[in-house]
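The values are calculated or read from the model by the stated rules, or taken from the named source; none is laboratory data. If you're wondering where the values come from, they're calculated on a predicted model, not measured in any experiment. Neighbour counts run over all protein chains shown; Cβ positions are idealised from the backbone, glycine included.
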4 protein chains.
Amino acid sequence: MADVHYHDYLQLDKILDAQHPESAKTEASAHDETLFIIIHQAYELWFKQLHHEADSIVDIMRKPALNDNSPELQTVVHRLNRMAVILRVLIHQIDILETMTPMDFLDFRDMLRPASGFQSWQFKLLEAKLGLKFEYRHGKEYYTAQLRQEHIDLIKQAETSHSFLQLVNDWLERMPISPIPAFPFREGDHAQPLLNADTSSIWGEFDFWKEYKDAYSNSLAEAEKNNMEAFDEVFFQHRETHYTLSAKANRAALFIMLYRGYPLLQLPFQLLNNLLEIDEQLSTWRHRHMNMVHRMIGTRIGTGGSSGKDYLKSAADKHYIFKEIAKLTSFLIERRRLPQLPKEVESKLGFVAPSDSPHGGEQGTALA
Amino acid sequence: MADVHYHDYLQLDKILDAQHPESAKTEASAHDETLFIIIHQAYELWFKQLHHEADSIVDIMRKPALNDNSPELQTVVHRLNRMAVILRVLIHQIDILETMTPMDFLDFRDMLRPASGFQSWQFKLLEAKLGLKFEYRHGKEYYTAQLRQEHIDLIKQAETSHSFLQLVNDWLERMPISPIPAFPFREGDHAQPLLNADTSSIWGEFDFWKEYKDAYSNSLAEAEKNNMEAFDEVFFQHRETHYTLSAKANRAALFIMLYRGYPLLQLPFQLLNNLLEIDEQLSTWRHRHMNMVHRMIGTRIGTGGSSGKDYLKSAADKHYIFKEIAKLTSFLIERRRLPQLPKEVESKLGFVAPSDSPHGGEQGTALA
Amino acid sequence: MADVHYHDYLQLDKILDAQHPESAKTEASAHDETLFIIIHQAYELWFKQLHHEADSIVDIMRKPALNDNSPELQTVVHRLNRMAVILRVLIHQIDILETMTPMDFLDFRDMLRPASGFQSWQFKLLEAKLGLKFEYRHGKEYYTAQLRQEHIDLIKQAETSHSFLQLVNDWLERMPISPIPAFPFREGDHAQPLLNADTSSIWGEFDFWKEYKDAYSNSLAEAEKNNMEAFDEVFFQHRETHYTLSAKANRAALFIMLYRGYPLLQLPFQLLNNLLEIDEQLSTWRHRHMNMVHRMIGTRIGTGGSSGKDYLKSAADKHYIFKEIAKLTSFLIERRRLPQLPKEVESKLGFVAPSDSPHGGEQGTALA
Amino acid sequence: MADVHYHDYLQLDKILDAQHPESAKTEASAHDETLFIIIHQAYELWFKQLHHEADSIVDIMRKPALNDNSPELQTVVHRLNRMAVILRVLIHQIDILETMTPMDFLDFRDMLRPASGFQSWQFKLLEAKLGLKFEYRHGKEYYTAQLRQEHIDLIKQAETSHSFLQLVNDWLERMPISPIPAFPFREGDHAQPLLNADTSSIWGEFDFWKEYKDAYSNSLAEAEKNNMEAFDEVFFQHRETHYTLSAKANRAALFIMLYRGYPLLQLPFQLLNNLLEIDEQLSTWRHRHMNMVHRMIGTRIGTGGSSGKDYLKSAADKHYIFKEIAKLTSFLIERRRLPQLPKEVESKLGFVAPSDSPHGGEQGTALA
């Protein structure tokens, strides 16, 4: 194998020769334009990395069935966590841009028209891949107005493809851990045969959802009683939109949150938790970006022609991708009031029986 | 002097014996309640420190005139910066609370009613001291609903006192650097005699605000032309509310931003910049707090009886204390188009003339 | 249940009345002494929380056998992670103290003698609980010189008790996943019967350690060949110190790192990784603390009488608690060269066979 | 002016096509190699930005005399602060790399030989520009062993040029605020005529350094008495090395720290403080980098052929660039014991006299 050298390996000749300030072409070179270029390039590098992680996760999740005995789920969890760690740094990075005062920005701002930070196709594509559908976009067509056609096409394709959120939905729906509810309901488009000999026999006579619904109802304060309607809606009504979770998937997600202590549910719980973490980081990123833009250009029209803060604010308020999972928190109950699962179900949620366990221990009965 | 010992000096006997979980009084001790108590105590300690800084700043700003040849302004800038550094840590601290999952919180949540994180009188008092007036509060009376009377009194007193924002307004108004505008206007309640022999003689025939208004007008894109109305409103109309800056103060603040390069304006610029930094940190704190509450309790009623996220969201959107200063960014123009100040004015903005300067150098003419 | 009120619940009357600056007793009140007090109190609050987590972890680990089918291991991993998150905030908190300039500190520094930040018994006790034994302490007796006897006793007791590190050692030693090595070796004090019908029958004729040693040897560059000695030392020699891992435990830890992809090893891997994370955060804390002290008092004698930076530097270099686990990294090999485990072993490392798996999927064969 | 488009402006075609993993050329593509490439590219982008700031600062400092009435010093302070902010993000960025486990790194590590993170010529060049001379380097020749000749030349050139540290030394030496010491001393190579009619007449009969030396001596604890030798050495002995501050510069720096409250010294104080901040951030960066490498490859030989952690540790301990400034802290005394400056000196350290001050206020006498 040929020797590898740091400078060549990283293609630094290209990377370090890609900063050509517009103001340098005039007689009024603006010192801070280099910062403006470099920070956006750093963002785009990290966006590429986020895509690298998201693509690999989607590849795994797209399989007809995740193999619980392989490292697949572990890999998904690990890479989602990495995405959250990257997003934290991207948020922190705004501190650097904020060392550029509005007067310093004005030195070159007009030379950039109509370019603008809104035009990162990688960021919009990432949102689309994760699950932000066109219908949910603030500003609709606007957000792609100034992109190259090839990048618009990529985004449109992602929007019409099965997103990561939908793959999560599918994965949740496949879990036979959410048994037959005892009361009538109608599944949506994504419904799959829920009943199979295997699962039903595990649960026996035990009607989990009836038990849980009762327990939840009892946990509500008087003023919260109308939560029961929402409960029925979320867990048992038809939902046909392609950017939300089905009732069936919601049931599985709730079950994971409730019983995360069982070995089989530990990584699924980490996965769901990481989704919330990513959404929160994206939210904070949008929030700080909005504040930064406001501080930098006030209410003037952005270089991209938008009214800046207002657009960003509306987008920030609206673009939560995994908000349905966050919403499930409303339907949890105290651990000590959780229905006790049948022994047979319990045994399916853990490792092989202790007698022949490779890692000793008494029978586990406690929940998370 | 008697020996001082770490443990006694810090009164650790008190500090470390102030954690008494409610759940420990039941048979279902909840591990995470200790975290809940300690993190709130840590917040309150830091709020006390923020008050210590804010009070000392207010004491300095309250003087009839800040002495530019004393370290007073430097002290104000330094302590405002410290406040921002503290706020950054308080934001970071939310990461710790987020390691408490919703299920872990549920273990003791109901035992806390009607206590809630909304009830930090120190935080509300801090907002009031800085300048958040009752009229601007989201939820009005609600926000003090569950406080002790003595703490409500403190807040009410702060709300009716001259706030830090108002002291900033006074300080800005006292600056003779904002000369007589050439067009008619009416000053507000806080107006003071602007004309004094000294100032007018410095500016001579030079009509700064006429020059600047022209330059600003020329800098606007077609779609921004209606900014001129806002310009007149912000810099020359009467404003009588006590939670906003007067036209006169706005002029001084803008002048500082524009000509921050002159020695006399360097610390004033840092002061204004620190106000924006503090507002931004407060804003991010509220935003992350809101997201955290949402993740923790969903749409359920908070332990304090509020609908949680919605209240926090509205408060976060509304409670920018120094928003008027942030808004001034809209009225900046490019440095190279700035009106050149008369020599006599320039000389008043710098150190003693170079000939007898203690720290050599040629005559400075460049602006920031 | 009686109503709970925020202010009382948090015992804020005590917490907020525990700041009594020494300088306030003189005519020269020093503004920054309040900061000095409050930041140390905040540290002590968080140290108490770290103890709360560490104690709960030790309680779980002290059981004769961790139950892999219970949430015990998950709880340990979760709380270790929380400890790391807290430590990150404690490091960040140093930023606040650094806003106190040396001149500001001098205003009250002499009044504190002989108190000093070195005297946090909670921090020293935490180190001892985690596994820092007296023999490893830099400065030996010195580090407790100025503590109250009752706190010295606590530390001494922790140092002579079975530490968390030793519990980790025990837990690793209990794992039958590290089979009989093919070459002669002598186990140390902690050795337990390794051979039992169960384990040996699983591994059959497969001599894992012989295979692995060959693979490792082949992976070494010429200049690294003497690593083989270290390999034998670490994994097969007797070690009798009570602050290091036994050869047997090292084997288990390495096995976990290598085969972390199998479900049964996923949480054990997270546990080991969290130990390294905690050690790294502690290390960064000590490093930044040292730099901060240096910046604050230079080479002068600390208020606690120590030479400040030098002591801190030596302690920082020496006090890695889990350094033996970090060292194992040297003995990893590439994933694609890992010995393939026998089917029977593999089956013990995963969930129940797919035919009756509660969460479908094909047979897993891939490694992490 | 032609339209500017985001994608072209940022040259994203180049930036986003510069990731070509070595492992992708084999049959064993390693997922994490992309992260390894991108994080190093992000580091190099930021190193370029650090050079952009450092170069601009050096350009200003290189002038024969900084103009205190221009924004020059403000610009230097502002950009040094930006460098510190960037360094904080670079430290945080290590978190991302730490999501790559040792096993993940092993998947492609051997393919990179002999490339290594040690080979960032931009980082070494930055150290050299700031003031790290060859004589101070740990490992001497070693650190350039694998660089391209053109990059070695750049570093060598920087090492033999007048560094930023030396420019700071010159700037400090030029300040006439450090008057004639009353006791004999010999200035070093950089000495300039200190006596000029102007300065001596300002100070009159007042022998500042005699007064200060007495006050310092009185402030020392018994065990610190030998600090007086260091005092003489630092402030009055000849020093001929080109990587240290002269006695004369040390005197000016100390004076600035002591009397930072006077307007003329406020920005110089911020400048010195920022140097310490940068050194501390660089130190933390090296420390965390060392820990990260240790965690990743243990004691194995790095891809660059070095023994990894040991080299990094020694470099981290040794490479403080502004350590002489940090050391001055040892020679500060309490504010209330500071010699009172003569009125004539005071008047030179402030703005024009209050009677004709553009910004009112009584005569300032208090110190910082």
### Query
Of B:Asp68, B:Asp95, which residue is within 14 Å of chain D (Cβ to nearest Cβ), in contact (Cβ under 8 Å) with a residue 40 or more places away in the chain and more than 22 Å from B:Lys156 (Cα to Cα)?
B:Asp68
### Query
Scanning segment B:48-61 for residues that are touching a helix residue (DSSP H, G or I) at 6+ places or on another chain (Cβ under 9 Å) and more than 9 Å from chain C (Cβ to nearest Cβ), which turns out farthest from C:His31 (Cα to Cα)?
B:Met61
### Message
Considering only segment D:89-104, I want to know if a residue exists there that is over 30 Å from B:Tyr259 (Cβ atoms) and in contact with a Ser or Thr (Cβ under 6 Å, 6 or more places away or on another chain).
### Response
yes
### Query
Of the residues D:Ala28, D:Ala84, which is assigned to a helix (DSSP H, G or I), among the aliphatic types (A, V, I, L, M) and surrounded by fewer than 22 Cβ atoms within 10 Å (Cβ to Cβ)?
D:Ala84
### Task
Filter segment D:293-323 down to residues that are β-branched (Val, Ile, Thr) and not in a loop (DSSP other than H, G, I, E, B) and give me whichever is modelled with the highest pLDDT.
D:Val293
### Message
Criterion first (in contact with a Pro (Cβ under 8 Å, 6 or more places away or on another chain) and farther than 27 Å from A:Ile96 by Cβ) does D:Ser29 satisfy it?
### Response
yes
### Task
Residues being in contact with a helix residue (DSSP H, G or I) (Cβ under 7 Å, 6 or more places away or on another chain) and in a helix (DSSP H, G or I): count how many of those fall in segment D:152-167.
8
### Summary
Of those in segment A:137-150 that are buried (at least 18 other Cβ atoms within 10 Å of the Cβ) and touching a His at 6+ places or on another chain (Cβ under 9 Å), the residue modelled with the lowest pLDDT is A:Thr144
### Query
For segment B:212-222, does any single residue satisfy the condition of being buried (at least 20 other Cβ atoms within 10 Å of the Cβ), modelled with pLDDT under 90 and out of contact with any strand residue (DSSP E or B) (no Cβ under 6 Å at 6 or more places or on another chain)?
no
### Task
Filter segment C:209-225 for residues that are under 29 Å from the mean Cα position of the chain (by Cα) and more than 10 Å from every other protein chain (Cβ to nearest Cβ) and give the result.
C:Trp209, C:Tyr212, C:Lys213, C:Tyr216
### Selection within segment D:20-45 - at the interface with another protein chain (Cβ under 7 Å from one of its Cβ atoms) and within 34 Å of the chain's Cα centre (by Cα)
D:Thr34, D:Leu35, D:Ile37, D:Ile38, D:His40, D:Gln41, D:Ala42, D:Glu44, D:Leu45
## Note on the structure
Inside segment B:1-25, the number of residues satisfying the requirement of being of a type in the set (A, V, I, L, M) and surrounded by 20 or more Cβ atoms within 10 Å (Cβ to Cβ) is 3
### Message
Whether any residue in segment C:194-205 is at pLDDT below 90, of a type outside the set (Phe, Trp, Tyr), touching a helix residue (DSSP H, G or I) at 6+ places or on another chain (Cβ under 7 Å) and assigned to a helix (DSSP H, G or I) is what I want to check.
### Response
yes
### Message
Test of understanding: among D:Arg109, D:Arg79, which residue is of a type outside the set (S, T, N, Q) and modelled with pLDDT under 95?
### Response
D:Arg109
#### Entry: Condition met for D:Arg286 (at pLDDT below 85 and of a type in the set (D, E, K, R))
no
### Message
Can you report the number of residues in segment C:335-367 which are crowded, with 17+ Cβ neighbours inside 10 Å, at pLDDT 50 or above and in a loop (DSSP other than H, G, I, E, B)?
### Response
6
### Query
Considering segment D:325-347 alone, what residues qualify as being among the acidic types (Asp, Glu), more than 7 Å from chain C (Cβ to nearest Cβ) and in contact with a helix residue (DSSP H, G or I) (Cβ under 7 Å, 6 or more places away or on another chain)?
D:Glu344
### Task
Filter segment C:71-92 for residues that are farther than 24 Å from C:Leu167 by Cβ, touching a residue at least 40 places away in the same chain (Cβ under 8 Å) and within 13 Å of chain A (Cβ to nearest Cβ) and give the result.
C:Arg88
